[in-house]
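Chemist: Encoded as structure tokens, here's the structure I'll be asking about.
The values are calculated or read from the model by the stated rules, or taken from the named source; none is laboratory data. Note that this is a predicted model, so its numbers are computed, not measured. Positions of Cβ are backbone-derived with ideal geometry, glycine not excepted, and every protein chain shown enters the neighbour counts. Heavy atoms of the whole protein, side chains included, go into the accessibility calculation; ligands, DNA and RNA do not. Shrake-Rupley method; radii C 1.70, N 1.55, O 1.52, S 1.80 Å.
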Amino acid sequence: MAGTPTTWAELLGFATGVLNVWLVARQRLWNWPVGIVNVLLLMVLFWTAGLYADAGLQVVYVVLGLYGWWNWLFGGAQRSRLRVSRTGRGEWTGLAVAGVALTGGLWLVLTRYTDSTVPLADALTTALSLLATYGQTRKLVESWWIWIVADLIYIPLYLYKGLHLTALLYVIFLGLCVLGLRAWSADLRRRAEPEPLAPGPAPVVP
């Protein structure tokens, strides 16, 4: 494409990836099956590019996709549809600890057991992506901020690895993440507004 070597996995990953993030931003349940197809395509792409942690991450994404699909349907009060919420302080602490542990562990594995040329960047983006996906399975609005940070690292990483179409995809992802953050935040604000009181009975004039 435009003189750049491109595979079908990258092309189809591009298309399903854009559709997936757009559906997530609009809180459409179909984002989960589309996302599962997307990560299977990206698994092939990343493995051939030597991004082994990202390739392995796609397997976890399939599991998280199935969980998110179920949780969006039945994770709300009394097994109702899940609604957007904010991340609590305790949950932030858990995410931070998990992020540091994941990054350090993956970095060690990639450095010792693979020929990865970008072990730290691969490990960090893998950890951030897992945390962001977990947040989206629970409809936590701050998950969009984690995705934004991850995308800002992914874009130059994929350019460095020669995955130009995928880098462009993540530029689009970045824009969609901003839109998703705004949409989910607006949903929270609407629900926080007090409902107007119903008009009472007209006063009786003696």
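Each row is one residue, and each column tells you yes or no for (1) part of a loop (DSSP other than H, G, I, E, B); (2) under 21 Å from Leu181 (Cβ atoms).
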| residue | (1), (2) |
| --- | --- |
| Val63 | no, no |
| Tyr67 | no, no |
| Asn71 | no, yes |
| Leu82 | yes, yes |
| Gly90 | no, no |
| Ala96 | no, yes |
| Val100 | no, no |
| Ala123 | no, no |
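Chemist: Taking Ala101 as meeting all but one of (1) free of Cβ contacts under 8 Å to residues at least 40 places away in the same chain; (2) within 17 Å of the chain's Cα centre (by Cα), write down the number of the exception.
Modeler: Single failed check for Ala101: (2).
Chemist: Can we say Ala127 is open to solvent by less than 60 Å² (accessible area, probe 1.4 Å) and either of a type in the set (S, T, N, Q) or farther than 29 Å from Gly162 by Cα (or both)?
Modeler: So Ala127 does not fit the description; no.
Chemist: All but one of (1) open to solvent by less than 80 Å² (accessible area, probe 1.4 Å); (2) of a type in the set (A, V, I, L, M); (3) farther than 22 Å from Ile153 by Cβ; (4) not in a loop (DSSP other than H, G, I, E, B) hold for Ala55, so report the exception by its number.
Modeler: Result: Ala55 passes all but (3).
Chemist: Let me ask another. Are any residues in region 31-47 over 15 Å from Tyr158 (Cβ atoms) and touching a residue at least 40 places away in the same chain (Cβ under 8 Å), and if so, which ones?
Modeler: Scanning region 31-47 gives a single hit, Trp32.
Chemist: Tell me whether region 18-32 contains one or more residues that are more than 18 Å from the chain's Cα centre (by Cα) and loosely packed, with under 14 Cβ neighbours inside 10 Å. Outline the logic, then answer.
Modeler: Let us first name the residues in region 18-32 that are more than 18 Å from the chain's Cα centre (by Cα), namely none.
There is no residue in region 18-32 that is more than 18 Å from the chain's Cα centre (by Cα) and loosely packed, with under 14 Cβ neighbours inside 10 Å.
Chemist: Within 18 Å of Ala132 (Cβ to Cβ) and in a helix (DSSP H, G or I): which single residue out of Leu12, Leu45, Leu23 fits that description? Before you say what the answer is, go through the steps one by one.
Modeler: Working: Leu12 fails: within 18 Å of Ala132 (Cβ to Cβ); Leu45 fails: within 18 Å of Ala132 (Cβ to Cβ).
The unique qualifying residue is Leu23.
Chemist: Quick one: which of Ser80, Ser85 is in contact (Cβ under 8 Å) with a residue 40 or more places away in the chain and surrounded by fewer than 20 Cβ atoms within 10 Å (Cβ to Cβ)?
Modeler: Every option except Ser85 fails the conditions.
Chemist: Do you know which residues across region 154-177 are over 17 Å from Ala49 (Cα atoms) and over 12 Å from the mean Cα position of the chain (by Cα)?
Modeler: Val171, Ile172, Gly175
Chemist: Restricting the search to region 147-167, which residues are crowded, with 17+ Cβ neighbours inside 10 Å, among the hydroxyl-bearing types (Ser, Thr, Tyr) and more than 21 Å from Leu179 (Cα to Cα)?
Modeler: Matches in region 147-167: Tyr158 only.
Chemist: Looking only at residues that are in a helix (DSSP H, G or I) and touching a helix residue (DSSP H, G or I) at 6+ places or on another chain (Cβ under 7 Å) in region 107-121, which one is least open to solvent (accessible area, probe 1.4 Å)?
Modeler: The selected residue is Leu110.
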